[in-house]
């Protein structure tokens with residue numbers, strides 16, 4: 001396609017302002033003017049360089065997009081693995097807490113049992129000793145009024161203390177169950 005001398009001159013004036021044609025129009029323009037042909041060659045060379053640069057940028061953007069997609073997939077996989085590890089850790093923590101509570105309850109139960117046994121053994125031994133002393137004093141002495149009142153007071157105190165200890169232990173057991 002031939003533009004004519006006036007159009008060619010107008011386009012050549014644009015060259016001084018660094019305006020160049022580009023694209024498919026360069027493939028169809030023809031001219032007899034050597035200056036315009038030189039301008040068209042320059043435009044074609046600039047168009048080829050410009051296309052190469054755009055293609056390089058497009059390839060670079062595509063590579064970066066691919067890297068970003070790969071990183072996003074890897075990030076997603078790592079996030080999923082972390083969530084699974086967190087759930088597993090929470091299960092292990094819950095199991096450990098449950099085991100610890102069971103161990104504490106067992107230890108408390110054993111301790112309560114020992115306390116009750118020792119308290120009852122102490123109460124029974126004192127009761128037997130005081131009763132033995134009372135029986136001995138009944139056979140050896142005629143004046144038993146002081147021994148009888150003492151024996152009665154001690155038995156009342158022992159009975160009260162034994163119920164108090166057992167009640168306290170049962171209260172502690174009931175309070176710690178919840």
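On inspection, residue 53 fails the criterion of being surrounded by 10 or more Cβ atoms within 10 Å (Cβ to Cβ), assigned to a helix (DSSP H, G or I), modelled with pLDDT under 95 and in contact with a helix residue (DSSP H, G or I) (Cβ under 6 Å, 6 or more places away or on another chain). Among the candidates 153, 142, 75, the residue that is outside any helix (DSSP H, G or I) and either at pLDDT below 80 or on the phi < 0 side of the Ramachandran plot (or both) is uniquely 142.
Residues are listed down the side, and each one gets a yes or a no for (1) in contact with a helix residue (DSSP H, G or I) (Cβ under 7 Å, 6 or more places away or on another chain); (2) surrounded by 10 or more Cβ atoms within 10 Å (Cβ to Cβ); (3) in contact (Cβ under 8 Å) with a residue 40 or more places away in the chain; (4) over 30 Å from residue 171 (Cβ atoms):
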| residue | (1), (2), (3), (4) |
| --- | --- |
| 79 | no, yes, no, yes |
| 85 | no, yes, no, yes |
| 89 | no, yes, no, yes |
| 97 | no, yes, no, no |
| 128 | no, yes, no, no |
| 145 | no, no, no, yes |
| 153 | no, yes, no, no |
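Restricted to the stretch 20-49, and to residues there that are under 60 Å from the mean Cα position of the chain (by Cα) and touching a residue at least 24 places away in the same chain (Cβ under 8 Å), the residue that is nearest to residue 6 (Cα to Cα) is 22. Here residue 18 meets the list (1) in a helix (DSSP H, G or I); (2) exposed (fewer than 10 other Cβ atoms within 10 Å of the Cβ) almost entirely, failing just condition (1).
The values are calculated or read from the model by the stated rules, or taken from the named source; none is laboratory data. Computed from a predicted structure; not experimentally measured. Note: ideal-geometry Cβ built from the backbone for every residue, glycine included; neighbour counts use all protein chains shown.
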